[in-house]
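Here's the structure, in structure tokens; my notes come after.
The values are calculated or read from the model by the stated rules, or taken from the named source; none is laboratory data. Remember, it's a predicted structure, so these values are computed and weren't measured experimentally. Cβ coordinates were reconstructed from backbone atoms using ideal geometry, including for glycine residues, and neighbour counts include every protein chain displayed. Calculation scope for accessible area: heavy atoms of the full protein, side chains included, ligands and nucleic acids excluded. Shrake-Rupley method; radii C 1.70, N 1.55, O 1.52, S 1.80 Å.
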Amino acid sequence: MIAVISDIHSNLEALTNVLNDIKQKGITEIMCLGDIVGYAANPTECINLIQSCKLVLMGNHDEALLQGAIGFTADAKDAVEWTRKQLKPGWLSSGGAKGRWDFIANLPTTYLDKDILYVHGSPRDPTTEYILESDTEQTWSGPPRKLQQIFEMFPRLCFVGHTHQPGIITEEYRFLKPPDFNYTLELEDNKKYIINIGSVGQPRDGDNRSCYVVMDNHKITYCRIPYDYKITKEKIFKTNALSQYFGERLEAGK
């Protein structure tokens with residue numbers, strides 16, 4: 001069994017509960033699809049915890065720390081700038097600070113393990129492109145070209161995050177939400193799937209519980225884990241630099 005997590009976004013309370021749940025299940029291999037930082041108030045602690053994962057990829061918020069927040073909203077850009085101030089080492093910084101910065105700077109953007117591709121966003125643009133439910137809609141000219149191209153770019157399974165919207169896209173271009181299959185889906189042999197694992201630290205599907213995925217052979221299970229979002233919310237408010245909206249949206253899971 002492996003666990004796949006993504007989009008932690010500096011939410012220590014959510015990450016801690018998810019890692020504890022994974023440990024209780026006896027799972028030792030964790031794959032993280034990126035966006036360790038952004039939005040919430042504990043980037044340092046989340047990076048420290050995430051380094052124990054077998055794989056950690058670079059998300060667009062992690063990339064923005066290094067290259068600038070291009071294409072971000074004003075509030076999201078402010079969060080990147082605040083996070084950079086917390087993390088970027090100076091001349092007198094400790095080895096831990098330098099180690100965390102180097103860790104982020106050296107994250108890969110994709111990882112192929114046999115017939116499984118791991119990316120943050122999309123095989124076409126690993127950190128930035130979104131794969132959305134709306135991409136599955138048929139057009140007058142036939143199947144969606146975007147998804148046709150994406151399905152050609154991986155062998156069998158492609159795990160993604162980025163949208164914070166959990167769901168599985170089949171090669172018939174159907175978007176299946178976890179409740180549609182009672183949170184567990186048996187994958188068919190010789191078929192391809194795009195599996196969006198949702199978000200640990202900022203769910204946006206109307207369920208405020210953290211979301212991650214367990215893969216056990218040919219079975220995918222979505223796990224929803226509650227955490228004390230009120231603590232995360234208050235930490236965001238107390239920074240006076242992060243938008244209060246990032247805290248307020250946690251309760252609604254939006």
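Before moving on, here are some points about what is shown:
- Here the scattering of the chain is modelled by Debye summation over its C-alpha atoms, one equal scatterer each and no solvent; at q = 0.16, 0.18 Å⁻¹ the log10 of I(q)/I(0) is -1.17, -1.46.
- The range 1-133 shape via C-alpha gyration tensor axes, a/c threshold 1.5: oblate
- When each of the peptides 236-246, 61-71, 13-23, 30-40 is scored by the mean number of other C-beta atoms lying within 10 Å of its residues, the order from highest to lowest reads 30-40, 13-23, 61-71, 236-246.
- Compactness relative to 2.2 N^0.38 Å, alpha carbon Rg of the range 149-241: 1.26
- Distance between the range 49-97 and the range 127-197 - C-alpha centres, whole angstrom: 29
- The range 106-254 - percent of accessible surface contributed by carbon and sulfur, probe 1.4 Å: 46
- Note that the chain presents 46 Å² accessible area per residue, ligands and nucleic acids not counted, probe 1.4 Å.
- Expected 222 nm ellipticity per residue - DSSP helices of 4 or more, -39500 (n - 2.57), all of the chain, to 500: -9500 deg cm²/dmol
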